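Notes to accompany the following structure.
The values are calculated or read from the model by the stated rules, or taken from the named source; none is laboratory data. Here the structure is a predicted model, which means the values were calculated and not measured. Glycine gets a Cβ as well: all are built from the backbone with ideal geometry, and neighbour counts include every protein chain shown. Note: accessible area is taken over every heavy atom of the protein model, side chains too, but ligands, DNA and RNA are not part of it. Shrake-Rupley method; radii C 1.70, N 1.55, O 1.52, S 1.80 Å.
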Amino acid sequence: MLLNQFLLLSAVLFSIGVYGVLARRNGVLLLMSIEFILNAVNINLVAFAAFTGTIGGEVFALFVIAVAAAEVGVGLAMVLLLYRSSRTIDLTTVDRLRG
């Protein structure tokens with residue numbers, strides 16, 4: 001497969017992720033959109049590493065996967081705390097939580 005096909009797939013995933021971050025107010029869907037963005041970055045890193053014949057892209061992709069796992073853990077904990085306090089995961093209600 002050509003490098004252009006991977007870059008096109010990555011651009012589509014990144015666009016879907018950005019739309020989800022900007023348009024959604026649901027906490028879980030926001031986390032899924034961030035995962036789309038991080039997966040688009042991973043596809044770019046691995047595609048360019050395969051194109052240049054180096055291993056640096058795969059190494060960075062592993063770091064991105066580790067950061068994504070930590071982000072999911074912290075994000076889901078925050079969504080659960082939001083649900084416990086306000087019985088909704090709508091992110092527009094976060095401003096009501098100020099003390």
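Assorted remarks:
- Environment charge of Val64, counting only residues whose C-beta is closer than 13 Å and scoring Lys/Arg +1, Asp/Glu -1: -3
- Within the accessible surface of the chain, defined with a 1.4 Å probe on protein heavy atoms only, the carbon and sulfur portion equals 73 percent.
- Sorting the segments 72-80, 13-21 by their mean number of nearby beta carbons within 10 angstrom, highest to lowest, gives 13-21, 72-80.
- Residue-span extension gain [Asp90 to Glu58] - 0.36 nm each, minus C-alpha spacing: 7.9 nm
- Label-point separation, Ser15 to Phe48 (7 Å along Cα→Cβ), nm: 2.1 nm
- Extension gain, Gln5 to Leu81: 0.36 nm times the residue separation minus the Cα-Cα distance gives 23.3 nm.
- The residues of the chain expose on average 69 square angstrom of accessible surface per residue, using a 1.4 Å probe on protein heavy atoms.
- Ranked by how many other beta carbons lie within 10 Å on average, peptides 54-61, 42-49, 81-88 from highest: 42-49, 54-61, 81-88
- Coordinate range of the alpha-carbon atoms in the chain per principal axis, descending: 53, 23, 17 Å.
- For region 26-77, the pair-distance distribution built from all alpha carbon pairs, in bins 5 Å wide starting at 0, is 5, 22, 25, 19, 13, 9, 5, 2, 0 percent.
- To the nearest ten degrees, helix 3-23 and the longest principal axis of the Cα atoms of the chain are 10 degrees apart.
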